[in-house]
1. Just checking, does region 77-94 include any residue being in contact (Cβ under 8 Å) with a residue 24 or more places away in the chain, over 28 Å from residue 63 (Cβ atoms), of a type in the set (A, V, I, L, M, F, W, C) and not in a helix (DSSP H, G or I)?
2. Could you grab the pairs with beta carbons closer than 6 Å, sequence gap of 6+ or different chains, first residue in region 178-205 and within 19 Å of residue 163 (Cα to Cα), second one in a loop (DSSP other than H, G, I, E, B) and not aliphatic (A, V, I, L, M)?
3. Condition first: of a type in the set (S, T, N, Q) and surrounded by fewer than 16 Cβ atoms within 10 Å (Cβ to Cβ). Now tell me which residues in region 166-224 satisfy that.
4. Here's a check for you: in region 19-28, which residue that is touching a residue at least 60 places away in the same chain (Cβ under 8 Å) and of a type in the set (A, V, I, L, M) is nearest to residue 46 (Cα to Cα)?
5. Would you mind finding the one in 16, 8 that is without any contact (Cβ under 8 Å) to a residue 24 or more places away in the chain, under 22 Å from residue 152 (Cα atoms) and either among the basic types (Lys, Arg) or in a helix (DSSP H, G or I) (or both)?
6. Quick one: residue 215 ticks every box in (1) out of contact with any His (no Cβ under 8 Å at 6 or more places or on another chain); (2) in contact (Cβ under 8 Å) with a residue 12 or more places away in the chain except a single one, so which number is it?
7. Looking at 63, 16 in this structure, which one is closer than 20 Å to residue 220 by Cα and either surrounded by 17 or more Cβ atoms within 10 Å (Cβ to Cβ) or β-branched (Val, Ile, Thr) (or both)?
8. Can you tell me how many residues within region 44-60 are in a helix (DSSP H, G or I), surrounded by fewer than 15 Cβ atoms within 10 Å (Cβ to Cβ) and not polar (S, T, N, Q)?
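Nothing in this text is a laboratory measurement; each read-out follows from the coordinates by a stated rule. Small disclaimer: the values here were computed from a predicted structure and weren't measured. Here Cβ is always computed from backbone atoms with ideal geometry, including for glycine, and neighbour counts include all displayed protein chains.
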Amino acid sequence: MTSFDIKIIAFIFMFIDHIGRLFFPDVTMMVAVGRLSFPLFAWLAAMGEKHTSDITKYVTRLILLGIISQPIYEYIYYLMFDTKPKQLNILFTLAAGVLMIRACKPTVHAFGKIAIAVTILFFVFACYWSNIPCLEGGAYGLTVIFLMSIFNYQTFDINWWIVYIAINLFYWYFLQYPVIELMGILAPLFIILYNEQRGVMTRWLYAIYPLHFAALALIKMTLR
């Protein structure tokens, strides 16, 4: 699969999640399937950081679309959970993750696996103690984005999988999230099908994010 194919799959999983939460709240399998979306977006963000020719433009696009998405995201969040969100939407998390990867690169190159281990541990403990409430996904989201930046999709790295699974279990257990959150553990199985081709070039495909929120809000209001 190309990176474009994986991006489309991530969006499909996200649609299933949000449709399930809004219209079929008793169908937990739809929400469980939706847990596969974020790790795929995390990997796409890490790949974007790796291959972009202009990191400033890449992050600016994410932040701009995040700003556009925030009002409708807050409305949809309220419909889903009957409360206002205290965090920024996932596009801000992806932007922060990209900046984090770029900032960590000099240290990782200089100290190798030690720096990687320290970085992962830092975000794991930050996840437990603070959960970075200003970003959707919190420190867990940033940890997964960083992990995806070192994921070798060409070989089965058992050490990477152990760390990835352990972090998901840590997050699920200590933050007392529903067991369906563990579905995200399976997401890298889609990434290993990556054929190192970009596919269709779409700089602004993430515009689907605010557009799908607007469509869901319109449908919800129409049904009411």
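1. Just the residues of region 77-94 that are in contact (Cβ under 8 Å) with a residue 24 or more places away in the chain, to begin with: 79-80, 85-94.
When the remaining residues are screened for being over 28 Å from residue 63 (Cβ atoms), the result is none.
No.
2. From residues that are within 19 Å of residue 163 (Cα to Cα), the pairs are 181/35; 183/35; 184/35; 191/153; 192/153.
3. First, pick out the residues of region 166-224 that are of a type in the set (S, T, N, Q): 168, 176, 195, 197, 202, 222.
176, 195, 197, 202, 222 - these are the residues of region 166-224 that are of a type in the set (S, T, N, Q) and surrounded by fewer than 16 Cβ atoms within 10 Å (Cβ to Cβ).
4. 19
5. Values: 16 fails: under 22 Å from residue 152 (Cα atoms).
Only one candidate qualifies: 8.
6. So the condition that residue 215 fails would be (2).
7. Criteria check complete, one pass: 16.
8. Going through region 44-60, the residues in a helix (DSSP H, G or I) turn out to be 44-51, 55-60.
Checking the rest, the ones that are also surrounded by fewer than 15 Cβ atoms within 10 Å (Cβ to Cβ) come to 50-51, 55-57, 60.
Remaining after also requiring not polar (S, T, N, Q): 50-51, 55, 57.
Of the residues in that region, 4 qualify.
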